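Take a look at the structure set out below.
The values are calculated or read from the model by the stated rules, or taken from the named source; none is laboratory data. All figures in this text were calculated on a predicted structure; none of them were measured in a lab. We place every Cβ from the backbone using ideal geometry, glycine too, and count neighbours over all the protein chains shown. The protein model used for the area step is the full one, side chains on, heavy atoms only, and it has no ligands, DNA or RNA in it. Shrake-Rupley method; radii C 1.70, N 1.55, O 1.52, S 1.80 Å.
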2 protein chains.
Amino acid sequence: MAMKKRWIENGTFVTMDETQPVVKGHLVLEGDRIAYIGEAHPGALVDGADRMNGSGLVFMPGLINTHGHAAMTLLRGVADDMVLQEWLTTKIWPMEGRYTAQDVRWGTSLAALEMLKSGTTSFVDMYDHMDEVAQVVEASGMRGVLMRGAIGLCPEDVQREKLAEAVQFARSWHGKANGRITTVMSPHAPYTCPPGFIEQFVQAAHDLDLPLHTHMSETAAEVERNVREYGLRPVEHLEKLGFFSRPSLVAHAVHLTDDEIALLAQRGVGVAHNPASNLKLASGVARVPALLAAGVTVGLATDGAASNNNLDMFDEIRLAALIHKGVSGDPTAVPALEALRMGTVYGAKAIWQQDRLGMLKAGMKADFIALDFEQPHFCPHTDPVSHLVYAGNGRDVRHVWVDGEQVVDNRRCTGLDEEKIRAEAQHCYERLISAI
Amino acid sequence: MAMKKRWIENGTFVTMDETQPVVKGHLVLEGDRIAYIGEAHPGALVDGADRMNGSGLVFMPGLINTHGHAAMTLLRGVADDMVLQEWLTTKIWPMEGRYTAQDVRWGTSLAALEMLKSGTTSFVDMYDHMDEVAQVVEASGMRGVLMRGAIGLCPEDVQREKLAEAVQFARSWHGKANGRITTVMSPHAPYTCPPGFIEQFVQAAHDLDLPLHTHMSETAAEVERNVREYGLRPVEHLEKLGFFSRPSLVAHAVHLTDDEIALLAQRGVGVAHNPASNLKLASGVARVPALLAAGVTVGLATDGAASNNNLDMFDEIRLAALIHKGVSGDPTAVPALEALRMGTVYGAKAIWQQDRLGMLKAGMKADFIALDFEQPHFCPHTDPVSHLVYAGNGRDVRHVWVDGEQVVDNRRCTGLDEEKIRAEAQHCYERLISAI
């Protein structure tokens, strides 16, 4: 059977490919791949293709959310503006403690809706009841980098159970849904996992040939505690436990010394930068210009909706472009294009898929989005990169394709029932809130 | 003739009125005022009223943008991520130097479209060719606090001409359009106006019984220069020139000492806080928690689109709630409700209209907006204030009323021709860009 072909003409394409950054012309997708992108007519390639007029739209690679906890959408707006420990112990943990598989299902479905409609095509998810998450990813058409995140502050038999669950999940889902699902091993954080528990995850990652992900150096207090308990700052601590011997991604990395940055660069560790969450929880401002200068791959992320409180990656891109200028006093810090790279190409590299995601280029996976540029805030039409970063927003996204399939068509998710999901999520929330 | 009446039922109203913060029920508007808001049925008051079902919508006071240069929308995305002086001298000033009255007309029309569609009902505008701006405000149905901003780095006869123009404009438009237009006297900034020129504006403000507005202490360099040239920091300098003897509003106020904050509080000076612009131009982060603690009225603002690059006040509200937490390390700094006050009630006070704007309350002007809350990023329905601040965005605005008139109906501006304005703005931009 011939592969499905679609031909988009008259589009403006922000490719993130340095050989042709902005293309005004044509894109052809064939099956799950981009077959052609260029200004010249694609010729015979488009024989028999579905044809679409891309005029008035700006196309770009789908956004990659490199760290989060999707099911936490159920806790959106439950509690804000509180001191971290009080927020966790009086609000978040009591509600999360009551989560069932159904809550994870509907909370993740809600997250998938919100992410797809705002242009995110791939997301990293660390949570519990991950089979539910994987099923939502499968149904939604999104791409997910999934892991059972394990907290090790528990008896050894419970630790063993969690590790076994994480391994079982990683093994059964890796590569599923035409490769849209990949899996990762993930001890939650150095401050919630004893060293031996982390080492078991590292060993499992070696055995399964999978990458590793964890939270690291989010707050100054956590770094101090690591030094107090283990005599090392978190980067050296994880290095000593062998964590960076695997392809690895650390979330937050707000509090880093120059030496730590150098070590992350040397070991090829990716960083998931969560600007909104770090600001909202008052964790601080990550040293992103220094990380980028050192050659560390920095992706962007929303974190969970309880500490953001939205999953719109355009907000993170804009924040990344703005805050590092304001805090450093250097207006050239993190230029618009660099912020957009963090949301696309660098994100792809952070999740070890730079060979197929993050760029509009022949041969890459057809994961891309189209924004409605015929709006006042995008007028006049000057530099589309500037407009995407400084004026764009998830609500400007009109269409989304993942793996060659159109998963959002004129702002409707094709694989998800939005009204049902919102109603079910509301019910889940009402049951959870009744407990606190 | 009986005044027009409209009755909105089944709405959720975030009132900003501390006596009833969130009302689930009814709002009645009569003529240009709110006649009733409450949970109980309004009774005979709604006889003969147009009836509207507010279910699924969250209503709140229209947003107040306390500082900007609307016509600079024509320069959106022309140049970003540059050092301030280079940006001004090689890009912004050469293009602004070519502005005609027509450019101001279409640039301001574009800004009005963008502001109204994103929920801003009142804006402060400091620019040139202000008759054009006033005409746009009149046609759009918005509320404008307008002034001819004057730079005094010119020969005395040109200074005199500018002052006369500013006076003439202020006199002819103050109170026009059923009071939707008010005027202000505005020397551009202490670093662009000799002391004598500022004193002439202060005198004119006294003569006309009008308030004053200026840029102040936006950058550290500007403060240093003020000290070098006049032996005083900007606050004391303006105080000495009599500026604060009038009701006054200063834009930016990023670099302030404790003594300066105390003086602003004592003199009742309002501050227009521009978080995005201050970050993008790397001016720094204003001491907003200290200003609020001292009792200074802090409104929010977008500044011109060239340094933002959008006019969505929800972005400024969210930034105000986020950055001061991240920079201070205090997660309770600028809570969501306080950020929302900055965009509404405090903004109303900053423009000297707290008796009629900024709150949904019987007797206040009917300036309010309705957001579509049946969307994934507002689910579950928990705290609407949190959702507006942390998850909301101008593109969620569906309807807008100003002075009792519906000026945005289902995302269409009723008083402006969007397609014509976007086309004309594009033409203006193309002519201006051809010069540099």
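Summary of computed values
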read-out: Fraction of the pair-distance distribution of chain A above 43 Å, Cα-Cα pairs, percent; value: 10
read-out: Region A:197-233 versus region B:41-78: alpha-carbon centroid distance in Å; value: 49
read-out: Under Karplus coefficients 6.51, -1.76 and 1.60, residue-wise ³J(HN,Hα) of region A:159-168 in Hz, glycine/proline x; value: 4, 4, 4, 5, 5, 4, 5, 4, 5, 4
read-out: In region B:332-436, GluC sites (Glu not before Pro) in a DSSP loop with at most 15 other beta-carbon atoms within 10 Å; value: B:Glu374
read-out: Beta bridges by DSSP in the protein assembly as shown, antiparallel share as percent, to the nearest 5; value: 45
read-out: Interface residues in region A:360-382 - accessible area drops by 20 Å² or more relative to the isolated chain, probe 1.4 Å; value: A:Glu374, A:Pro376, A:His377, A:Cys379, A:Pro380, A:His381, A:Thr382
read-out: Average partner coverage of B:385-391, which counts Cβ from other chains inside 10 Å; value: 6
read-out: At least 20 Å² of accessible area lost relative to the chain alone, listed for region B:108-153 with a 1.4 Å probe; value: B:Leu110, B:Glu114
read-out: Summed buried accessible area for B+A [probe radius 1.4 Å, Å², rounded to 100]; value: 4700
read-out: In order through region B:109-120: 3J(HN,Hα) via Karplus (6.51 cos²θ - 1.76 cosθ + 1.60), integer Hz, x for Gly, Pro; value: 4, 4, 4, 4, 4, 5, 5, 4, 5, 9, x, 8
read-out: Nearest-to-axis residue of chain B, judged by beta-carbon position, where the axis maps B onto A, in Å; value: B:Arg395, 2
read-out: Shielding score for B:426-434, defined as the mean number of other chain Cβ atoms within 10 Å; value: 2
read-out: Residue-wise HN-Hα coupling along region B:228-237, computed from phi with Karplus coefficients 6.51, -1.76, 1.60 (Hz; x: Gly, Pro); value: 5, 7, 10, x, 9, 6, x, 5, 5, 4
read-out: Of B:Thr73, B:Leu256, B:Ala293, farthest towards positive along the dipole that unit charges on Lys, Arg, Asp, Glu beta carbons give region B:63-350; value: B:Ala293
read-out: Peptide A:313-326 - average C-beta neighbours from other chains (10 Å radius); value: 5
read-out: Given A:Lys5/A:Lys361; B:Lys117/B:Lys365; A:Lys91/A:Lys325; A:Lys24/A:Lys176; B:Lys349/B:Lys420; A:Lys91/A:Lys280, the pairs whose alpha carbons are separated by over 27 Å; value: A:Lys91/A:Lys325; A:Lys24/A:Lys176; B:Lys349/B:Lys420
read-out: Accessible area of region A:196-303 belonging to carbon and sulfur atoms, whole % at 1.4 Å probe; value: 46
read-out: Alpha-carbon centroid distance for the pair region A:347-392 / region A:309-328, whole angstrom; value: 16
read-out: Per residue accessible area in Å² of region A:185-273, where ligands, DNA and RNA are left out and the probe is 1.4 Å; value: 36
read-out: Neighbour-limited loop hits for GluC sites (Glu not before Pro), region B:1-43 (at most 14 other Cβ within 10 Å; DSSP other than H, G, I, E, B); value: B:Glu18, B:Glu39
read-out: Amide H contacts under 5 Å for B:His67, placed H, 5+ residues apart; value: B:Val124, B:Thr302, B:Asp303
read-out: 222 nm mean residue ellipticity, helices alone, for the protein assembly as shown (DSSP H n ≥ 4; -39,500 (n - 2.57); rounded to 500); value: -10500 deg cm²/dmol
read-out: Degrees separating the helix B:313-328 axis from the principal Cα axis of chain B, which is the longest one; value: 70
read-out: B:Asp355-B:Arg411 FRET efficiency (beta carbon distance; Förster radius 51 Å; 0.05 resolution); value: 0.95
read-out: Whole-number percent relative contact order across region A:63-350, with pairs defined as alpha carbons under 8 Å at least 6 apart; value: 20
